[in-house]
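First up is the structure itself, then whatever we jot down about it.
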Amino acid sequence: MMGVLLVLGFDLERGQYAYPMPGYYALSGSFGELRSNHFHSGLDIKTGGQSGAPVVAIEDGYVSRINVSPYGYGKAVYLRHADGKYSVYAHLSRFADTLQSLVYAQQRKTEQYTQEMYLRKHALVFKKGELLGYSGNSGSSLGPHLHFEIRDSAERILNPIPWFKKELPDNRPPIVQEVAFEPLGPTARIAGEHRFYSKWVEGGNGQYRLPGVLEVYGPVGLLYRAYDLLDNAGNHCGINTAHLYLDDSLIYAFDLQRFDFDETRYINLHLAYPFTLHPPKKSYQRAFVEQGNAFSGIRFHRRRGIIELTDGQVHDFCLELIDSHGNRTLLSGKLKRKAPPLVSVPFDYAGTSRLSYQLQRDLLRIDITNPKKIHAQGIYYETLTGTQHKLLPAYRKGNQLVFLLQLDSLHLPRRLFDASGNLQEQLPAWTLALPDRP
Ligand SMILES: [Zn+2]
């Protein structure tokens, strides 16, 4: 049923490179891994908690750049190779002698520790396998490791794993932890609610399921939490390929094999941090295209990958995750459209009515716990500009009446109240923190 649908053109003419750290075959981080505010741009090679392991040139090349800084990549070497690609070796403790004497000379001349040196073509040449320096913990590094990158001639970052499958074996399929659904608009419901929905999945060894049939309504998006394991370490690594199918037809394809530094800001649209009052906050990867996300890793989508069922049939979804070695994992489940019930408040609930709030994308969700009959007729809000508006309930769930208020600059509520005057509340300040997207 599933097939690799995408042909990656830039993959051609992959030469044989030497591995940059012979003897060190475990990764603590992989290419494209999701970090806060950026996609990780290379491999983090573990060095057993020690500095000083030899780092070698992966191919003949000349030094195009040397960096020395207390921040960022610390001590780093950039090589340019005959095929136009660059290799980058960062957080070094020490450079090889030829490089080190160049750096010392420049530091003396400028009387500065920090250096960014661009060298003339072919001025300083290294052979494949020749020592460049020693691994370390310089710059912004949280422990000794080698940060290693391969870039193309336009300095776009490439996934290095395809060159080093032998040194970095991986025989295990990706592991799925959770599947989630996000309501995308005021009409959307997931399991009868307008709320970010997440579930731990069942299964293992490449086969996972969301048990049962999940009821959805309106436009919803699928998200997931998953990671990959390579054979030589227990560190959670990223997964570069994800395909989402609805009833066997592809609706979304993500394939991260190359990216531009400029694109890394899109990670904030690719990831979702659902609003939770209780940390730790978990981040989920979207398997749909958030508005404004122009990331080139999104190779295909049908209607942004948004799921909106239009009949009463049970539909199958399947998320296929593929690691850099081609190991694949399937996460499947069933969805069914269920229209939300009409709002009814048959009686006054006992107890004091209470308001609570949650920001869901650009919607303010307002819950009244223990609602009274009058609340079914609507509640009122006063905006920052002083105008008053009525808001009708969206649905009822048990002893909660739920209202959804579309926030925009004209509808930033300051105060909520009901017709009886018994329920009145100033809104907490965070409800006015509009999400920075339309
Ligand atoms: Zn790194």
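The values are calculated or read from the model by the stated rules, or taken from the named source; none is laboratory data. Bear in mind that the values here come from a model prediction, so they are computed numbers and not experimental data. As a convention, Cβ positions derive from the backbone with ideal geometry for all residues, glycine included, and neighbour counts pool all protein chains shown. Areas reflect the complete protein model, heavy atoms only, side chains present, ligands, DNA and RNA absent. Shrake-Rupley method; radii C 1.70, N 1.55, O 1.52, S 1.80 Å.
Pull up the DSSP beta bridges for the chain and report the antiparallel fraction as a percent, rounded to 5.
Details: 116 of 123 bridges.
Once the DSSP bridges in the chain are tallied, antiparallel ones form about 95 percent.
For the chain, what does the relative contact order come out to in percent, with C-alpha contacts under 8 Å and a separation of six or more? Display every interim value, and only then the final one.
Details: 1084 pairs, mean separation 55.8, N = 438.
Relative contact order, the chain: 13 percent.
Take the alpha carbon atoms of the stretch 73-121, find their center, do the same for the stretch 32-69, and report the distance between the two centers in whole angstrom.
What the calculation gives is 13 Å, centre to centre.
Rounded to the nearest 0.05, what FRET efficiency do residue 236 and residue 362 have when you use their Cβ-Cβ distance and R0 = 30 Å? Display every interim value, and only then the final one.
On the way: r = 32 Å, r/R0 = 1.06.
Here the calculated transfer efficiency is 0.40.
On a C-alpha basis, how far is the centre of the stretch 297-343 from the centre of the stretch 353-425 in Å? Whole number, if you could?
32 Å
Specify the angular offset, from 0 to 90 degrees and rounded to the nearest 10, of the alpha carbon long axis of helix 97-110 from the longest principal axis of the alpha carbons in the chain.
Compared with the principal axis, the helix lies near 70 degrees.
Beyond 25 Å between alpha-carbons counts as too far, so tell me which of 121/165; 336/373; 46/128 fall in that bin. Don't skip to the answer; put the middle values down first.
On the way: 121/165 31 Å; 336/373 32 Å; 46/128 21 Å.
Too far apart for the 25 Å limit: 121/165; 336/373.
Compare 350, 18, 180 in a GNM of the chain, Cα atoms joined below 10 Å, and give the one with the largest fluctuation.
For the chain, modelled as a Gaussian network with Cα springs under 10 Å, the answer is 350.
Suppose only helical runs count, i.e. DSSP H with n ≥ 4. What mean residue ellipticity at 222 nm does that imply for the chain under -39500 (n - 2.57) per run, divided by all residues and rounded to the nearest 500 deg cm²/dmol? All intermediate terms of the calculation are to be shown ahead of the outcome.
Details: 3 runs with 22 residues, N = 438.
It comes out at -1500 deg cm²/dmol, rounded to the nearest 500.
Given axes a ≥ b ≥ c from the Cα gyration tensor, I'd like to know whether the stretch 20-163 is rounded (a/c under 1.5), prolate (a/b larger than b/c) or oblate. Please list the in-between numbers first.
Values: a/c = 1.44, a/b = 1.21, b/c = 1.19.
Because its axes are fairly even, with a/c under 1.5, the stretch 20-163 counts as rounded.
Cut-off 14 Å, label point 7 angstrom out along Cα-to-Cβ of residue 125: give me the residues of the stretch 83-108 whose amide nitrogen falls inside.
Residues 83 fall inside that zone.
With 5 Å bins from zero, work out the P(r) of the stretch 354-432 over every alpha carbon pair and list the percent per bin.
3, 16, 31, 28, 17, 5, 1
Using the crude model of +1 on Lys and Arg Cβ and -1 on Asp and Glu Cβ, and no other charge, please compute the dipole size for the chain relative to its Cα centre, in debye to 20. Show your work: numbers first, answer last.
Working: 49 positive and 43 negative charges, 124 e Å.
My answer is approximately 600 debye.
So, for the chain, what is the accessible surface per residue at a probe of 1.4 Å, expressed in square angstrom? Walk me through the numbers before you get to the answer.
Numbers: 20030 Å² over 438 residues.
Per residue, the chain has an accessible area of 46 Å².
Express the relative contact order of the stretch 20-163 as a whole percentage, based on alpha carbon pairs under 8 Å and six or more residues apart in sequence.
On the way: 361 pairs, mean separation 48.2, N = 144.
Averaging sequence separation for qualifying contacts and normalising by length gives 34 percent for the stretch 20-163.
Over the stretch 175-337, what is the relative contact order in percent, taking alpha-carbon pairs closer than 8 angstrom and at least six residues apart? Walk me through the numbers before you get to the answer.
Values: 381 pairs, mean separation 44.6, N = 163.
Result for the stretch 175-337 is 27 percent.
Taking a cut-off of 28 Å, what percent of all Cα-Cα pairs in the chain are separated by more than that? Don't jump to the answer; show the numbers that get you there.
On the way: 55863 of 95703 pairs.
That fraction is 58 percent.
In Å and on Cα atoms, what radius of gyration and Dmax does the stretch 298-438 show?
Taking only Cα atoms of the stretch 298-438, I get Rg and Dmax of 20.0, 64 Å.
In terms of solvent-accessible area of protein heavy atoms at a 1.4 angstrom probe, what is the ranking of 317, 347, highest value first? If you can, show how the numbers build up before the last one.
Numbers: 317 0, 347 95 Å².
My answer, sorted largest first, is 347, 317.
Using heavy-atom solvent-accessible surface (probe 1.4 Å) with all chains present, what is the largest-first order of 367, 362?
Numbers: 367 10, 362 40 Å².
The ranking, largest first, comes out as 362, 367.
Hey, with R₀ at 35 Å, roughly what FRET efficiency would residue 389 and residue 352 work out to, going by the Cβ-Cβ distance, to 0.05? Mind showing how you got there, number by number?
Values: r = 25 Å, r/R0 = 0.70.
Efficiency at R0 = 35 Å is approximately 0.90.
Roughly speaking, to the nearest percent, how much of the stretch 175-337's 1.4 Å accessible area is carbon and sulfur? All intermediate terms of the calculation are to be shown ahead of the outcome.
Numbers: 3220 of 6620 Å².
Ligands and nucleic acids excluded, carbon and sulfur give 49 percent.
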